[in-house]
Amino acid sequence: MNLRLIIALATLLLAGSALPAVADTPPAFEFRDADSRIILLGSIHILPGSDRQLPPIIEELVDTADRIVFELPANELDPQSVARIVMALGTIPGSGTLPDLIGSEDYQRLMELTSAADLPLAQLQRYEPWLLLIQYQALHLQRLGFTPDSGVEAQVKAMARARELPMAGLETARQQMKFFDDLPLDTQVAMLLQYLENIDSSASEMAELVEAWRQGDLDRLDQLVAQSFKEQPELNEIFLARRNRDWTRQLQELLEIPGTSLVVVGAAHLAGPDSLPVLLRADGLAVNRLD
């Protein structure tokens, strides 16, 4: 499984490293009816503390909005709230432990990789593989200087609160984590081991994603996503296509509310043949790219 898949699909951990200056034109689209306007803004969920400055267009879009819609409700963007949900889903039930769950061969490989990466394992014996993956990503990102309050959603949420704008979500944190929890065990183990085997290159991989986002390069984003899903295309259905179909319905329902709704979703949801703009156009809506 491609490392980009692991990075791009860890919904709360899509991130980037410090980059050279580039044109700040993150992907954004709009569609409307007589009294409603929907703006779709592609986001990066977490950025390094040293690279937290957002493109000016994002604040401009917030200033035009009457409400903000995130992937998650605003109260579930809080890391502590998400952590409680993650632990409830990702703890091995009963008295089982990780070696019991994944077998001695994979566990031996896991011990070797976590030792090499200086990551804890002994105290995480009750974690399912997908939760270990998220835990290790969080620890590694902290070491690289990433902070939870630096991402697009965290900063837009702060702007919205300062402006006293109402906020809503397209799905719940439990729904998002269930996408991982429902994966077959062998897929979870493969993702975990692949991430650890390539952990030293993760910063450059994430930087490539963020650069494509900052440049608004949807073709490049589509290429990165397509490469990620090449070996296991069924994961595209789970993590992108099915969610986009559900969100398309919700976005059209937003047209029933007068005013401007700014919808902030991961940039991958705006790229490729299963993207939100493509699906909305297929339903007859005029969806235009914002410059």
Q. Assuming T147 fulfils every condition listed in (1) hydroxyl-bearing (S, T, Y); (2) crowded, with 17+ Cβ neighbours inside 10 Å; (3) more than 20 Å from V265 (Cβ to Cβ) apart from one, which condition is it?
A. (2)
Q) Here are some conditions: (1) at pLDDT below 70; (2) assigned to a loop (DSSP other than H, G, I, E, B); (3) open to solvent by less than 40 Å² (accessible area, probe 1.4 Å). I7 meets all but one. Which one does it not meet? A) (2)
Q | Count - residues of the stretch 33-64 that are touching a helix residue (DSSP H, G or I) at 6+ places or on another chain (Cβ under 8 Å) and under 24 Å from V210 (Cβ atoms) | A | 18
**Q.** Residue pairs meeting the criteria (Cβ under 8 Å; at least 6 apart or on separate chains; first at positive phi and modelled with pLDDT under 95, in the stretch 261-280; second open to solvent by 10 Å² or more (accessible area, probe 1.4 Å) and charged (D, E, K, R))
**A.** G272/D222
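Mind telling me which of the residues L141, L131 ends up being assigned to a helix (DSSP H, G or I) and without any contact (Cβ under 8 Å) to a residue 60 or more places away in the chain?
Exactly one of L141, L131 is assigned to a helix (DSSP H, G or I) and without any contact (Cβ under 8 Å) to a residue 60 or more places away in the chain, namely L131.
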Q: Among the numbered conditions (1) of a type outside the set (S, T, N, Q); (2) loosely packed, with under 15 Cβ neighbours inside 10 Å; (3) within 17 Å of the chain's Cα centre (by Cα), tell me where M206 comes up short.
A: (2)
**Q.** Sole residue being over 14 Å from the mean Cα position of the chain (by Cα) and surrounded by fewer than 16 Cβ atoms within 10 Å (Cβ to Cβ), chosen from Q194, Q227, Q188, Q215
**A.** Q227
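Residue by residue, here is whether (1) open to solvent by 60 Å² or more (accessible area, probe 1.4 Å); (2) of a type in the set (A, V, I, L, M, F, W, C); (3) part of a helix (DSSP H, G or I) holds:
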site: V62; (1), (2), (3): no, yes, yes
site: V69; (1), (2), (3): no, yes, no
site: L72; (1), (2), (3): no, yes, no
site: N75; (1), (2), (3): yes, no, yes
site: V82; (1), (2), (3): no, yes, yes
site: M87; (1), (2), (3): yes, yes, yes
site: S95; (1), (2), (3): yes, no, no
site: L101; (1), (2), (3): yes, yes, yes
Q.
For the stretch 156-185, which positions are part of a loop (DSSP other than H, G, I, E, B) and open to solvent by 60 Å² or more (accessible area, probe 1.4 Å)?
A. R163, E164, P166, D182, P184
Q. Considering the stretch 249-291 alone, what residues qualify as being touching an Asp or Glu at 6+ places or on another chain (Cβ under 7 Å) and among the β-branched types (V, I, T)?
A. T260, V264, V265
Q: Kindly establish whether A282 is within 22 Å of V225 (Cα to Cα) and under 18 Å from the mean Cα position of the chain (by Cα).
A: no
Q: Can you confirm whether the stretch 224-239 contains a residue that is of a type in the set (S, T, Y), in contact (Cβ under 8 Å) with a residue 12 or more places away in the chain and over 22 Å from F70 (Cα atoms)?
A: yes
Q.
I want to confirm something. Restricting to the stretch 103-124 and keeping residues that are part of a loop (DSSP other than H, G, I, E, B) and open to solvent by less than 80 Å² (accessible area, probe 1.4 Å), which single residue is farthest from E197 (Cα to Cα)?
A. G103
Q. What is the number of the single condition among (1) at pLDDT 90 or above; (2) in contact with a helix residue (DSSP H, G or I) (Cβ under 7 Å, 6 or more places away or on another chain); (3) closer than 30 Å to L192 by Cβ that T97 does not meet?
A. (2)
Q | the stretch 267-278, subset within 13 Å of F29 (Cα to Cα) and of a type outside the set (S, T, N, Q), residue surrounded by the fewest Cβ atoms within 10 Å (Cβ to Cβ) | A | V278
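The values are calculated or read from the model by the stated rules, or taken from the named source; none is laboratory data. It should be emphasised that the depicted structure is a prediction, and the values quoted were computed from it without experimental measurement. With ideal geometry, Cβ positions are generated from the backbone for all residues, glycine too; neighbour counts draw on all protein chains shown. The area values use the complete protein model at the heavy-atom level, side chains included, leaving out ligands, DNA and RNA. Shrake-Rupley method; radii C 1.70, N 1.55, O 1.52, S 1.80 Å.
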